[in-house]
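Encoded as structure tokens, here's the structure I'll be asking about.
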């Protein structure tokens, strides 16, 4: 019991930090005040606090996953891990690109994700977690889900910037965002990497199901949603290459692919574990 309370405390502490950061960024990044040198100087401290929140959430996730000596998993851990990786990737990318305008969107979602393992504590043991095939499948899936999530958030932010540019260009410049062309280039870079990882996830799950899951491949709801998401991103990348898709078309396809991929695991596991009470 003390161990359980300890790792839940890490989840809660991370959630509180993310929530506080979210409130702070809504106050400072959504105001009409111009970007000052003082605010830019504070960004180093803000980045440090995000790193502390990531560390706390990472410790909590590690304890939740491996506290019993075996790998335990659930939709809430998957959701938390997915957003943890997304925030980590965003944090690393922010070291080289001006992306602080996304923080008011990212931090509240990270807070909810960090808190979910404390709210939904039911987990199940992964039987074949030690097999190399499962490790490859698991790592590729989590990274793919995280990159797709970050791509969706990036697409939402691009849509916000685009609307602001049409309504009030001065206010759009205050959102601390790089040029739309640079944001679009980053979006398709994220989607391209996520697509490769998603392909690896599907291939390892379909063709090595016995090693990964210990049973023959089954064509279930999870697989249907995952393949549909893969098809959406494949079409988006082809449309970009052949027809030059960009702007709102790219944003809508990105969000559609994210929604399908979210339903593939998080949605189906939520219904199974919470709504239907199954493992």
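How many residues are free of Cβ contacts under 8 Å to residues at least 12 places away in the same chain and surrounded by fewer than 17 Cβ atoms within 10 Å (Cβ to Cβ) if we restrict to the range 225-251?
7
Assuming residue 60 fulfils every condition listed in (1) closer than 28 Å to residue 97 by Cα; (2) at pLDDT 90 or above; (3) under 19 Å from the mean Cα position of the chain (by Cα) apart from one, which condition is it?
Checking residue 60 against (1) closer than 28 Å to residue 97 by Cα; (2) at pLDDT 90 or above; (3) under 19 Å from the mean Cα position of the chain (by Cα), the one that fails is (1).
Which of (1) out of contact with any helix residue (DSSP H, G or I) (no Cβ under 6 Å at 6 or more places or on another chain); (2) closer than 17 Å to residue 10 by Cβ does residue 61 not meet, given it meets every other one?
(1)
In addition: Among the listed residues 78, 86, 113, 118, which satisfies the condition of being within 22 Å of residue 182 (Cα to Cα) and in contact (Cβ under 8 Å) with a residue 24 or more places away in the chain?
When all the criteria are applied, what remains is 86.
The values are calculated or read from the model by the stated rules, or taken from the named source; none is laboratory data. The shown structure was predicted, so the numbers you read here are calculated from the model rather than taken from an experiment. Using ideal geometry, Cβ is built from the backbone for each residue, glycine included, and neighbour counts are taken over all protein chains shown.
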